[in-house]
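None of the figures in this text is laboratory data; all of them are computed from the coordinates on show. Only a predicted model underlies this, so the values are computations on that prediction, with no experimental measurement involved. Here the Cβ positions follow ideal geometry from the backbone for every residue, glycine too, while neighbour counts run over all protein chains shown.
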Amino acid sequence: MELLKMLGLGQRMDNKPNQLSGGEQQRVAVARALINNPDIVFADEPTGNLDSANANELHQLFLDLRNKFNQTFLIVTHNEELAKLGDRILYMKDGRILDAG
């Protein structure tokens, strides 16, 4: 419950998934990923189905959580804006690393 409150979902704990917006559903997924305090969180296209406002909010959330919990986020994305927020970017094509920029 504490994690959901921190993610801005405290008032939505009793709602069913179909009663949540896309952004809220993504934050629930983030809470589920963080609940056992993993050293690394893997996210595959985490903002692919979100509008730009919710995507930007989720980008900032990843940065805040990284700093607060000292966790690593490995994010696979085609979104250059999200990729540029990372500490390290790896470019891949056909399953091979092209550039470790």
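Please give, to one decimal in nm, the separation of the simple spin-label points placed at A53 and N36, each 7 Å out from Cα toward the Cβ.
3.6
Where nothing but the Cβ of Lys and Arg (+1) and of Asp and Glu (-1) is charged, how large is the charge dipole of the chain around its Cα centre, in debye to the nearest 20?
About 220 debye.
Hey, rough spin-label estimate for L63 and L4, points 7 angstrom out along Cα→Cβ, what's it come to in nanometres?
Each label point is offset 7 Å from its Cα along the Cβ direction, giving 2.8 nm.
When we measure straight from the Cα of K68, which lysines land under 19 angstrom away, once same-chain ones fewer than 8 places off are left out?
Answer for K68, where 19 Å is the Cα cut-off: K5, listed by chain and number.
If packing is taken as the average number of other Cβ atoms within 10 Å across a peptide's residues, how do 75-83, 20-28, 37-45 rank, most packed first?
Peptide ranking by packing, descending: 20-28, 75-83, 37-45.
Can you give me the angle between helix 52-69 and the longest principal axis of the chain, using Cα atoms only, in degrees from 0 to 90, rounded to the nearest 10?
The two axes meet at around 90 degrees.
Between R96 and L20, with labels modelled 7 Å along Cα→Cβ, what's the label distance in nm to one decimal, could you check?
With each label placed 7 Å out from Cα toward Cβ, I get 4.0 nm.
Can you pull a Stokes-Einstein diffusion coefficient for the stretch 2-99 at 4 °C (1.567 mPa s), Rh from Kirkwood over Cα pairs, as a whole number of µm²/s?
Here the translational diffusion coefficient equals 90 µm²/s.
Hey, what's the Cα Rg ratio for the stretch 47-95 versus the globular rule of thumb, 2.2 N^0.38 Å?
Rounded to two decimals, the normalised Rg is 1.19.
Within 13 Å, Cβ to Cβ, of Q71, how many net charges do the neighbouring residues add up to if Lys/Arg are +1 and Asp/Glu are -1?
-1
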